[in-house]
Each structure stands twice: as structure tokens, then as C-alpha cells.
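The next block holds one structure in the form of C-alpha cells; read it before the comments.
Derivation of every value follows stated rules applied to the coordinates shown; laboratory data play no part. Bear in mind that the values here come from a model prediction, so they are computed numbers and not experimental data. Reconstructed Cβ throughout: ideal geometry from the backbone, glycine too, with neighbour counts over all protein chains shown.
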Amino acid sequence: MHGSHLPLRVLFVSHDGGMAGAQQTLLTLLEGIDREHFAPYVVVPYRGELSIRVEKLDIPVITRELRHWVPCIAGLSHQRRLQHLWRLIPSLRSRVWAIAALIERFRIELVYTNTVTCIEGALAARTTNRPHVWHIHEPIKGNSELLPLLPTWIYSKVISILSNRVIFPSVVVSRDYPALADKQAIVYNGLPMPSAVDRIAAHNEVAALLGLDPTRQLVGVVGAIQPRKDHYTFVKAAEIIAKEKNDVDFVIVGSGGELHTQKIRKFVKDFGLEGRIKIPGRWPGSIQTMMAAIDVLAISSEQESFGLTAIESMAMETPVVSTRCGGPEEIIEDNSNGFLVNRKDAKSMAEAMLKLLNEPLLARRFGAAGRIDVLKRFTQERYVNGVQDAMLDVCGIKSVVTNHENAGGGSI
């Protein structure tokens with residue numbers, strides 16, 4: 001490294017140019033980063049919503065080819081897996097050198113790779129003798145949305161060799177990479193703390209947009225429509241609730257692949273709930289309004305690395321019922337600010353949601369406790385400070401965080 005100074009020039013490498021969860025956490029980091037002490041640059045594989053929003057922050061965005069060494073593709077045959085691997089390897093050198101050229105051009109002093117899925121930034125950092133931080137948001141083993149081309153232990157070995165520090169969003173994800181224990185830092189995700197919203201006004205607004213009766217209660221799932229979110233369990237729980245209460249509607253908010261979305265719509269039809277469950281796609285308005293409008297947020301996932309929707313909901317004083325799917329177990333304190341139920345247990349999920357729907361005082365108590373907890377543990381400041389400390393540490397620079405008690409995370 002060519003002598004650390006401030007502001008520290010950091011190249012952030014994003015595996016994707018869209019706006020899913022990992023990109024959202026990167027945007028939150030860039031929105032809150034201390035520009036007096038950090039000079040960020042961002043590499044994306046294509047222009048998309050992330051590029052547009054980062055450029056509005058007056059941060060340079062450069063497009064370069066990236067290919068996933070952990071493809072975001074499920075169900076590839078063995079033959080197609082080998083085809084992907086052979087397509088990946090021949091152009092790897094040119095992709096790495098393209099990023100190495102950016103490192104030299106912009107006098108980058110630290111490279112930061114966002115998600116486990118791409119390796120070019122890490123190799124470019126090694127090629128140019130720069131320190132590298134890898135922010136891993138997801139497990140590889142058992143992940144229904146990723147298809148490792150290599151044995152999982154090889155990924156851990158390579159990540160360890162190429163990284164000075166590895167950041168995880170939860171303890172549960174870090175446990176999937178035991179070989180990285182000596183380099184890891186746990187930094188919980190955070191969000192800009194929104195002001196309290198008039199929940200009645202929000203409920204009425206969302207009900208009007210969805211064409212629902214505003215006097216009825218509303219239960220929602222919010223997030224990408226993907227197989228690991230297990231919307232089937234939510235729909236089954238909704239069927240149980242609908243038989244018990246005729247004054248509750250349901251909403252599945254989010255976007256996803258057309259085939260899987262159609263599969264969810266078929267679930268709804270098969271359970272006879274077409275009149276009770278709305279699937280509007282990605283919500284066009286404020287996510288805070290949606291979270292404040294619903295009476296209970298459900299997380300029915302098989303696996304979650306963190307659970308951003310949980311803290312978004314709790315910030316709006318909306319109680320959460322989540323499966324024990326990983327990250328949410330580190331956010332929700334069962335029977336204190338929400339409920340935790342077993343995965344694929346629609347009956348228990350329905351019972352927990354019914355308890356909150358039928359006991360408004362309990363729901364308000366959980367909601368108030370949830371907002372307090374987010375203010376303490378999951379703010380943008382806490383998250384950004386935790387990542388900044390990790391980046392500075394690998395460069396041998398003393399933390400510049402003045403309000404250090406808000407730093408979010410540390411070595412485990």
C-alpha cells in the first residue's frame with residue numbers, strides 16, 4: 001500500500017447493479033460514510049438503480065465486467081455448472097486487470113467487495129498490493145439461490161488468502177465460514193432512523209391504493225419474491241387466519257422472477273384466497289408507509305442472513321412474527337418485541353399472528369419495544385461506524401469515529 005492518508009480512497013465492488021438487499025446495505029453505507037475521511041469509488045457490472053442512486057451522492061461509478069464465481073442460479077445441471085466455470089476462467093485475467101487499472105488510476109488504497117459472489121475485486125487488490133475487505137452477506141452452503149462451482153471449503157480458503165478482514169451481517173452467517181474466524185467482524189445492518197409515522201393515516205393510504213376496506217386489519221410479507229422466502233408457509237398461515245377472522249386482509253409486497261411469482265399466485269388461488277391476498281409487486285411508494293400500515297409483518301423464510309425488513313418494520317412500531325431462519329433470531333427477542341416460530345410451521349405462525357391481531361395492547365407493546373431496540377442496535381450510524389472501523393483497521397489507521405460507542409460490531 002502506498003502510505004495511508006485521509007481521506008482514504010476506497011473502491012467498492014458491487015456484484016450487481018440492481019437494488020436487492022446487499023445493494024441496499026451498500027447504498028446505506030455510502031449515504032452515511034464520512035466523506036471527510038473516506039473517498040469512495042464504486043464499480044458495478046452494469047448500470048441500474050444502484051448506479052443512479054450512488055451518482056446522486058456525487059460518488060464516481062464505473063462499469064466493468066464482473067462474473068460470479070458463486071452464480072446466483074439454482075438448479076443448474078452438472079454439465080451446465082462446468083460450462084459456467086469454463087466461461088468464467090478464460091476472461092478472469094482481463095476482468096481483474098481492468099479493475100487493477102482503476103486502482104492505479106484513482107490511487108485506490110483499499111478495495112471492498114460486497115457479497116461473496118464475485119472475486120475480481122479481491123484478486124485486483126492482491127495484484128496491486130492493496131488491502132482488501134470482503135463483506136459477505138450470505139452463506140454458500142445450503143443456499144437455494146446460489147450454486148457453488150467449487151467445494152465450499154475452497155471458497156473459504158480463497159477468501160481467507162485474499163482478505164485482510166471479512167465482515168458478516170450476523171453471527172449465524174459467520175458460522176458458515178469457520179475458517180475465517182480469525183479475520184471476521186460482525187457488523188449488523190442498519191437503516192436511517194425514520195420519524196414515527198401516523199399509523200392510521202398510513203393504513204388508510206395503503207388500503208386505498210390496494211383497493212381494500214380500511215376498517216380491516218392487514219398482515220404483510222415484504223421483500224423479494226424468492227424460493228427461500230417460503231411464501232407457501234405464509235399463504236397457508238393466511239388460510240388458517242382467514243378461517244378464524246373475516247376482518248383481516250393480506251399483502252405480499254415485492255418483486256421476483258415471473259415464474260416464481262406465478263407459482264405464488266397459484267398458491268393463493270389453490271387456497272381460495274384470491275379475494276383476501278393482494279400481490280401488488282414492488283411497492284412504488286415509501287416503504288415506511290407500508291410498514292406502518294400493516295398490523296403485523298410476517299417473515300416466513302427458510303433462511304435469512306440478517307432480516308432488513310424486520311428492523312424496517314420494528315422502526316415503524318409494527319410487530320414481527322418470524323421463522324427461526326437465522327438473522328431474525330439475532331434481531332427479535334421472542335415474546336418481547338415479536339414472536340419466533342419454527343420454519344415451515346404455518347400453524348404456529350398463524351397462532352402468533354392471531355395473538356397480535358386479537359390483542360392490540362400486546363401488539364402496541366411489542367411495536368414500541370421494537371422501535372426502541374432499533375434505535376439502540378440497528379441505526380445507520382452504528383452500521384456505518386462498524387464498517388468504517390474495519391476498513392481503517394486493516395489500513396493501520398486509528399478509528400476516526402468520534403462517537404465510538406455507536407460503532408456497530410467488532411471482532412468476534
query = Distances over 30 Å make up what percent of all Cα-Cα pairs in the chain?
reply = 42 percent
query = Along the range 278-293, what does the Karplus equation 6.51 cos²θ - 1.76 cosθ + 1.60 (θ = phi - 60°) give for ³J(HN,Hα), rounded to whole Hz, x for Gly and Pro?
reply = 9, 10, x, x, 5, 6, x, x, 5, 5, 5, 5, 4, 5, 6, 6
note = Residues whose built amide H sits under 5 Å from the amide H of Ile62, excluding neighbours closer than 5 in sequence, are Val42, Val43, Val44
ask   = By the scheme Lys and Arg +1, Asp and Glu -1, what is the net charge of all other residues having a beta-carbon under 9 Å from that of Val253?
value = +2
query = Highest GNM mean-square fluctuation, the chain, Cα pairs closer than 10 Å: which of Thr215, Thr318, Thr25?
reply = Thr215
key: Sequence-distant residues sharing a close amide H with Ile225 (under 5 Å, placed H)   = Ser255, Gly256
ask   = So in the chain, what percent of DSSP beta bridges are antiparallel if you round to the nearest 5?
value = 5 percent
key: Estimated [θ] at 222 nm from DSSP helical runs (n ≥ 4, -39500 (n - 2.57)) normalised by residues in the chain, nearest 500   = -12500 deg cm²/dmol
ask   = What is the spin-label model distance, in nm, from Glu31 to Ile200 if the labels are put 7 Å beyond Cα along the C-beta direction?
value = 2.9 nm
query = What ³J(HN,Hα) values, in whole Hz, does the Karplus curve 6.51 cos²θ - 1.76 cosθ + 1.60 give for the range 134-147 when θ = phi - 60°, with x put for Gly and Pro?
reply = 10, 9, 9, 9, 8, x, 9, 5, x, 8, 5, 9, 10, 10
request  = Take the Cα pairs of the range 6-165, get the Kirkwood Rh, then feed it into Stokes-Einstein at 20 °C and 1.002 mPa s and tell me D in µm²/s.
outcome  = 134 µm²/s
task = Would you compute the Debye intensity of the range 199-377 from its alpha-carbon atoms alone, equal scatterers and no solvent, and pass along log10 I(q)/I(0) at q = 0.11, 0.18 Å⁻¹ to two decimals?
result = -0.39, -1.17
query = How much space per residue, in cubic angstrom, does the convex hull of the C-alpha atoms of the range 1-70 take up?
reply = 97 Å³
ask   = Where Lys and Arg each count +1 and Asp and Glu each count -1, what net charge lies around Met349 among other residues with Cβ under 14 Å from its Cβ?
value = 0
